[in-house]
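Chemist: Let me begin by handing over the structure; questions about it come next.
The values are calculated or read from the model by the stated rules, or taken from the named source; none is laboratory data. This one's a predicted model, so the numbers in the text were calculated from it and none came from an experiment. Note that we place each Cβ from the backbone using ideal geometry, even for glycine, and neighbour counts take in every protein chain shown.
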Amino acid sequence: MKISKLTARLDYHFLDRKGQAVTDPDQIRSFLGREVRDIVNNTDHISEGCLFFCIKGNRFNGHTFALQALREGAAALVVQEDLDLSAWEGEDPVIIRVHDTRYAMAFISAAWFGDPASEMKIIGVTGTKGKTTTTYMIRSILQNAGFNTGLIGTIEVLYNDVKIPANNTTPESLLLQKTFRDMADAGVEIVVMEVSSQALMLHRTQGFVFDIGIFTNLSEDHIGPGEHTDFEDYLRCKSLLFRQCRTGIVNMDDPYCGRILEDSTCQVLTYGLHPGADFYASNRQLVRVPGELGVIFDVSGRISLHAEVPMPGAFTVYNSLCAISVCTVFGAEPAVIVRALRDVSVRGRIEMVKVSDDFTLMIDYAHNAMALKSLLGSLREYEPGRLVCLFGCGGNRDRERRFQMGEVSGRMADLTVITSDNPRDEEPMAIIADIRTGMERTDGAYVEIPDRKEAIAYVIHNGQPGDIIVLAGKGHEDYQIIKGVKYPMDERVLIQEILEEDRNRESQA
């Protein structure tokens with residue numbers, strides 16, 4: 001593909017090898033006519049005739065590899081810093097100087113893959129909590145309504161029979177556009193995707209316009225080195241989605257909703273628990289049957305229906321309302337919506353695992369104090385005999401999170417089982433000691449069982465009638481990282497192993 005086509009939507013200028021702006025018309029025409037054979041942002045993928053993006057990140061600066069890229073065959077570079085490449089002795093390279101290489105990469109990637117987003121409808125979901133569950137709800141409803149729907153998110157990329165584990169909540173723009181192309185070629189009509197604040201800040205979702213942008217809620221998270229400088233920056237980045245979509249669907253009950261929409265350029269629909277919203281819920285009731293928790297409620301406004309969802313809590317009502325709002329825009333019938341919500345499940349998000357009729361066991365990804373507090377508060381509404389919380393904290397992460405999670409569980413759970421999560425390069429017992437510090441700020445009962453399988457066996461074997469037991473922190477993850485090595489560890493598998501071992505012991509008794 002010619003440079004002229006790749007750069008058609010960018011503001012840029014060409015540099016010569018000494019870093020000076022190219023002004024000669026003939027040379028500019030020559031550069032514009034140059035063909036590129038591939039586009040890459042990783043030095044491991046450089047090939048003859050490729051275009052290489054010099055990305056400036058927190059730990060690495062791709063500009064330091066510019067000369068190496070040319071020597072390995074790159075025909076063009078995209079840069080945001082002036083470079084002196086006078087040491088290069090080959091043919092004049094095409095050096096494209098832009099303000100931000102990540103922003104440019106998004107538009108060039110879209111052009112390279114033929115603007116695949118324009119061939120589908122794209123739904124983007126942003127917010128602190130609820131993104132993953134809401135995307136799965138939306139996909140479930142739209143699939144039931146007859147739309148071939150793809151999903152991109154924290155857990156996986158999912159379409160047709162394709163399942164690809166995810167590395168980031170929102171992929172880098174180059175990979176995102178490739179994924180769009182693969183989906184469009186496979187007949188996908190609608191894509192629903194999680195849009196993280198990092199993705200918006202780093203321009204991963206530039207190069208196309210979302211048909212629908214969704215705001216779930218906002219609270220303090222992702223603030224610190226390598227993420228957001230403060231809450232204001234976090235909020236600002238979240239709000240960017242509503243300058244990149246045609247229709248915004250927002251939770252009007254969230255206190256930050258107005259600020260999220262301050263500079264929006266989209267039409268707006270609202271959902272919430274009050275009649276002023278376009279879609280609102282009422283008559284919420286909790287449902288508890290052996291081994292399962294759920295919620296039922298009525299929806300009014302632009303659609304009327306009675307919903308039953310096999311997930312607990314007020315946040316389930318909000319997530320469901322959001323999904324209902326989106327799918328109504330696409331013309332999904334009430335009966336289809338009701339049927340899809342009744343059967344919805346999300347791996348690692350308040351995921352029920354049936355082990356007994358006496359107590360309820362679930363797996364959830366809650367891995368910080370805010371998420372754990374929200375989860376335990378919702379489960380308290382079901383008036384359990386005991387609320388039992390099993391969790392650990394990851395190593396090489398903010399220690400304050402451990403104190404906070406210990407304190408939250410100590411105050412809200414009847415029993416806390418402290419165990420390991422991903423210790424990474426730290427000693428598991430050191431992490432457990434930090435959690436204990438938070439626990440000891442409370443009067444909460446706790447036990448320490450470092451081995452996670454043993455800890456899960458403990459809560460199963462000691463489950464009492466009416467208990468609600470939550471295994472928090474791992475969620476969809478199926479691994480444990482210890483000293484740089486990733487070992488298989490899926491809590492669902494561990495539970496089945498424990499139950500099988502119990503059966504074997506009983507048969508031998």
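Chemist: Hey, among Tyr382, Tyr446, which residue is in contact (Cβ under 8 Å) with a residue 60 or more places away in the chain and over 24 Å from Thr154 (Cβ atoms)?
Modeler: It is Tyr382.
Chemist: Which pairs have Cβ atoms under 7 Å, sit 6 or more apart or on different chains, and link a residue in the range 321-339 that is assigned by TED's automatic domain parsing to the domain that holds Gly272 to one that is among the hydroxyl-bearing types (Ser, Thr, Tyr) and surrounded by 24 or more Cβ atoms within 10 Å (Cβ to Cβ)?
Modeler: From residues that are assigned by TED's automatic domain parsing to the domain that holds Gly272, the pairs are Leu321/Tyr271; Cys322/Thr134; Cys322/Tyr271; Ala323/Thr134; Ser325/Tyr271.
Chemist: Mind listing whichever residues of the range 484-504 are within 23 Å of the chain's Cα centre (by Cα) and either over 15 Å from Met362 (Cα atoms) or of a type in the set (Asp, Glu) (or both)?
Modeler: Within the range 484-504, Lys486, Tyr487, Pro488, Met489, Asp490, Glu491 meet the criteria.
Chemist: Name every residue in the range 360-375 that is within 19 Å of Glu400 (Cβ to Cβ) and either assigned to a helix (DSSP H, G or I) or polar (S, T, N, Q) (or both), in order of residue number.
Modeler: Listed by number, the residues that qualify are Asn368, Ala369, Met370, Ala371, Leu372, Lys373, Ser374.
Chemist: For the range 355-381, give me each residue that is more than 22 Å from the chain's Cα centre (by Cα) and of a type in the set (D, E, K, R).
Modeler: Scanning the range 355-381 gives Asp357, Asp358, Arg380, Glu381.
Chemist: Looking only at helices (runs of 4 or more DSSP H) that fall completely inside the range 401-509, which ones have 3 or more residues that are surrounded by fewer than 13 Cβ atoms within 10 Å (Cβ to Cβ)?
Modeler: Result: 491-508.
Chemist: Would you confirm whether any residue within the range 128-135 is buried (at least 20 other Cβ atoms within 10 Å of the Cβ) and at positive phi?
Modeler: The answer is yes, given that some residue of the range 128-135 is buried (at least 20 other Cβ atoms within 10 Å of the Cβ) and at positive phi.
Chemist: For the range 307-320, indicate whether the set of residues that are of a type in the set (S, T, N, Q) and surrounded by fewer than 18 Cβ atoms within 10 Å (Cβ to Cβ) is non-empty.
Modeler: no
Chemist: Suppose we filter Ser47, Ser109 for residues that are within 33 Å of the chain's Cα centre (by Cα), in a loop (DSSP other than H, G, I, E, B) and either under 22 Å from Pro171 (Cβ atoms) or of a type in the set (A, V, I, L, M, F, W, C) (or both); which single one remains?
Modeler: Ser47
Chemist: Give all pairs with beta carbons closer than 6 Å in which a residue from the range 62-76 that is in contact (Cβ under 8 Å) with a residue 12 or more places away in the chain meets a residue that is among the acidic types (Asp, Glu); count only pairs at least 6 apart in sequence or on separate chains.
Modeler: His63/Glu81; Gly73/Glu48
Chemist: Within the range 1-36, track down each residue that is assigned to a loop (DSSP other than H, G, I, E, B) and surrounded by 13 or more Cβ atoms within 10 Å (Cβ to Cβ).
Modeler: Listed by number, the residues that qualify are Met1, Thr7, Arg9, Leu10, Tyr12, Asp16, Arg17, Gly19, Val22, Arg34, Val36.
Chemist: Given Asp478, Asp490, Asp467, which one is within 23 Å of Pro312 (Cβ to Cβ), in contact with a Pro (Cβ under 9 Å, 6 or more places away or on another chain) and of a type outside the set (A, V, I, L, M)?
Modeler: Result: Asp467 is the single residue among Asp478, Asp490, Asp467 that is within 23 Å of Pro312 (Cβ to Cβ), in contact with a Pro (Cβ under 9 Å, 6 or more places away or on another chain) and of a type outside the set (A, V, I, L, M).
Chemist: May I ask you to say which residue of Ala74, Ala66 is crowded, with 17+ Cβ neighbours inside 10 Å and assigned to a loop (DSSP other than H, G, I, E, B)?
Modeler: Every option except Ala74 fails the conditions.
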